[in-house]
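Below you'll find the structure, written out as structure tokens, and then a few comments.
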Amino acid sequence: MTKLTEEMYAIFDRDEFSFKKLKEKHSEVELAQIKASFKEVWQTWKEVNLNVYQKLPQDKFAKVHIESWTNGWNLRDHYWAAYRLNTLADKSPCIGVMLDKKQLQVYLMFQHYKSEKRGDSPEQYNKLLADIPTWAKNRKISNWYLWDKNEMEFVDHLSLNDYLKDTQKQTTFNEEAIKTSFLLGKFAFRNQDQVEDMEEFILDGIKQLLPLYEKIER
């Protein structure tokens, strides 16, 4: 059980993530401290996601992909991991998990990066939009949100509750989302939602999204 702390959010409270720029502003000692704090939080992040993976059915899920804390030139401004079913291990749809300065989120997504190499397109994935109202029935949907790929990371997304209650919002959102792809996820917000058990929060999100995600297999 790992608690999500203010310190984990706070490492991302900076304007600059480029190593080149950081070297201009900080001494070697300061830069080493910054790197150490990022790596420490990332080690916790990695452990959390490995723990989540161990609790998932091993015959069903491919090994979790945990993005590194740096891309070589920059510190990451968020930490990310991706879960895929074995049957979709080489496909673009996945369940992403992300921590940034604003929130922890677990969401269904179509990974556009390298999708052409995977030989799939978002059209099939976007058909899942039609299944969301049925999927949402009898679920607690507070803190669930919808957004499209072109929306910025830190803007306020459309709540699933508003989407389901307003057919005009549904139509407008769907028309925009199918130009790229939609994302659907469960959020915990900094300064608003306490996450005492990160593993449980992520696991719950994955399990709830699974009925939608599995439809891609068919």
TODO: Would you check if there is a residue in segment 171-183 being buried (at least 19 other Cβ atoms within 10 Å of the Cβ) and part of a strand (DSSP E or B)?
DONE: yes
TODO: Tell me, please, whether a residue that is open to solvent by 40 Å² or more (accessible area, probe 1.4 Å), assigned to a strand (DSSP E or B) and in contact with a Phe, Trp or Tyr (Cβ under 8 Å, 6 or more places away or on another chain) can be found in segment 184-191.
DONE: no
Task: Residue count for segment 57-93, restricted to those that are closer than 22 Å to residue 209 by Cα and either among the β-branched types (Val, Ile, Thr) or touching a residue at least 60 places away in the same chain (Cβ under 8 Å) (or both) - done: 9
TODO: Of the conditions (1) part of a helix (DSSP H, G or I); (2) open to solvent by less than 40 Å² (accessible area, probe 1.4 Å), residue 87 clears all except one; give me its number.
DONE: (2)
Open item on the list: Restricting to segment 106-157, give me the number of residues that are of a type in the set (S, T, N, Q), over 25 Å from residue 49 (Cα atoms), part of a helix (DSSP H, G or I) and open to solvent by less than 60 Å² (accessible area, probe 1.4 Å).
Closed with: 1
Task: Pair list, Cβ under 7 Å, 6 or more apart: segment 35-53 residue over 23 Å from residue 204 (Cβ atoms), other residue crowded, with 19+ Cβ neighbours inside 10 Å and at pLDDT 95 or above - done: 37/11; 38/11; 38/75
Open item on the list: Return the residues of segment 1-28 that are assigned to a helix (DSSP H, G or I), surrounded by 16 or more Cβ atoms within 10 Å (Cβ to Cβ) and under 24 Å from the mean Cα position of the chain (by Cα); say none if nothing qualifies.
Closed with: 8, 9
Open item on the list: Every residue in segment 53-72 that is more than 30 Å from residue 32 (Cα to Cα) and not in a loop (DSSP other than H, G, I, E, B), please.
Closed with: 53, 54, 55, 61
Open item on the list: Between a residue in segment 190-210 that is within 19 Å of residue 5 (Cα to Cα) and modelled with pLDDT under 95 and any residue that is in a loop (DSSP other than H, G, I, E, B) and among the acidic types (Asp, Glu), which pairs come within a Cβ distance under 7 Å, given they are 6 or more apart or on different chains?
Closed with: none
Task: Any hit, segment 29-43, residues being in a loop (DSSP other than H, G, I, E, B), open to solvent by 10 Å² or more (accessible area, probe 1.4 Å) and of a type in the set (A, V, I, L, M, F, W, C) - done: no
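The values are calculated or read from the model by the stated rules, or taken from the named source; none is laboratory data. The model shown is predicted, which means the values in this text are computed figures rather than measured ones. Note that each Cβ is placed from the backbone with ideal geometry, even for glycine, and that neighbours are counted across all protein chains shown. For the accessible areas, the whole protein counts, side chains as well, though only heavy atoms, and no ligand, DNA or RNA atoms are used. Shrake-Rupley method; radii C 1.70, N 1.55, O 1.52, S 1.80 Å.
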